[in-house]
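J.: Pasting a structure below so you can have a look.
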Amino acid sequence: LGIIQNAWLYPSKFMDAYDSGPRSNVEAMIKDMGIKNGHITFSSFVLSDKSFLFFETGFRLSGDQAFTYTNTVGKTNVLDAMITYAINGDAKEVISDMDKSSSGLIAGKKCLTINAYAKGGEIKSIDGLERIEAIPDCTYVLKNVSVGDKCDDSHAILKKICQAVFVNDSVESLKEDADNMYASLTVTDLDNQDMIFDRIDSNVVSKWWS
């Protein structure tokens, strides 16, 4: 069974349920552990009754490269904060005014992060990353593979081809961004067959926050 996280969408549509539910307990736990600096994430399933089932945590930069989103909307760039803390022992100079004065909720701009995973085979060609970077809403593209890489789709976690981040107020614009990304990206194997494992249904994006 493959683990396919084809997309992440921010802010979560379950923020109100989180704020009124486990948020205070999560923050109390972090405080009790004595953590004062760093970047910690908690992943959970949200059940039908809006309760949270946590399954993973990480005390590191997260794989979703969320700092590209927070930086775009005026909040703290966590990557800058961690580098500054490592050098100076203090990250106060790069903490944004928004984080100092607000509850941390982000209003307005929404983010769609798309991951493209690989089918099994050897990569013959990768094309379109420059066109994806040129999409106006695109804030970040990360290439994870190279021509000649051999991909194995028999493991639980598939090899990621690339990741692209799009930010906009409009969900329709984000839907178009998803369509444009897939129209731009071409990855083939030695037999000239498509190597993109799966694609998201962009119609889900336009309805996600409604």
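J.: Can you give me the accessible area per residue for the chain, using a 1.4 Å probe, in Å²?
T.: Heavy-atom accessible area per residue stands at 57 Å².
J.: Taking just the alpha carbons, could you work out the radius of gyration and Dmax for region 1-88, both in angstroms?
T.: Gyration radius and largest Cα-Cα distance of region 1-88: 14.6, 45 Å.
J.: Continuing with this model, one more query. Within the chain, which DSSP H helices have Cα atoms that stretch 18 Å or more along the helix axis and a mean Kyte-Doolittle hydropathy of at least -1.0?
T.: Helices meeting the criterion: 171-184.
J.: Per 0.36 nm of contour for each residue apart, how much would the distance between Val147 and Asn203 grow if the chain were fully extended, relative to their Cα-Cα spacing?
T.: Result for the pair: 17.0 nm of gain on full extension.
J.: Here's another thing I want to ask about it. Of the DSSP beta bridges with both residues in the chain, give the percent that are antiparallel, rounding to the nearest 5.
T.: Close to 95 percent.
J.: Let me ask you something else. Using 26 Å as the Cα-Cα cut-off, could you pick out the over-long pairs in Lys109/Lys207; Lys50/Lys160; Lys124/Lys159; Lys50/Lys159?
T.: Where the Cα-Cα span goes over 26 Å, the pairs concerned are Lys50/Lys160; Lys50/Lys159.
J.: Determine the calculated [θ] at 222 nm for the chain from helices alone, applying -39500 (n - 2.57) to every DSSP H run no shorter than 4 residues and normalising by the residue count; nearest 500 deg cm²/dmol.
T.: -8000 deg cm²/dmol
J.: Counting alpha carbon pairs within less than 8 Å and at least 6 residues apart, what relative contact order, in whole percent, applies to the chain?
T.: Here the relative contact order equals 23 percent.
J.: Please report, in Å, the Rg and the Dmax of region 124-210, where both are computed over Cα atoms only.
T.: Looking at region 124-210, its Cα Rg and Dmax stand at 14.0, 43 Å.
J.: Here's something else I'd like to know. Please compute the contact order of region 126-168 in relative form: average sequence separation of alpha-carbon pairs under 8 Å and at least six residues apart, divided by the residue count, as a percent.
T.: Normalised by residue count, the contact order of region 126-168 is 45 percent.
J.: Using packing as a proxy for protection, rank 63-71, 152-160, 197-205 so that the peptide with the highest average count of other Cβ atoms within 10 Å comes first.
T.: Per-residue Cβ counts within 10 Å, averaged per peptide and sorted highest first, yield 63-71, 197-205, 152-160.
J.: Given a 1.4 Å probe and every protein chain left where it sits, what share in percent of the accessible area of region 91-210 is carbon and sulfur?
T.: The computed percentage sits at 48.
J.: Over 31 Å apart: what share of the alpha carbon pairs of the chain falls there, rounded to a whole percent?
T.: Taking all Cα-Cα pairs of the chain, the fraction more than 31 Å apart is 27 percent.
The values are calculated or read from the model by the stated rules, or taken from the named source; none is laboratory data. Fair warning: this is a prediction, and the values are worked out from it, not measured in the lab. As a convention, Cβ positions derive from the backbone with ideal geometry for all residues, glycine included, and neighbour counts pool all protein chains shown. Just the protein is used for accessible areas: all its heavy atoms, side chains included, with ligands, DNA and RNA removed. Shrake-Rupley method; radii C 1.70, N 1.55, O 1.52, S 1.80 Å.
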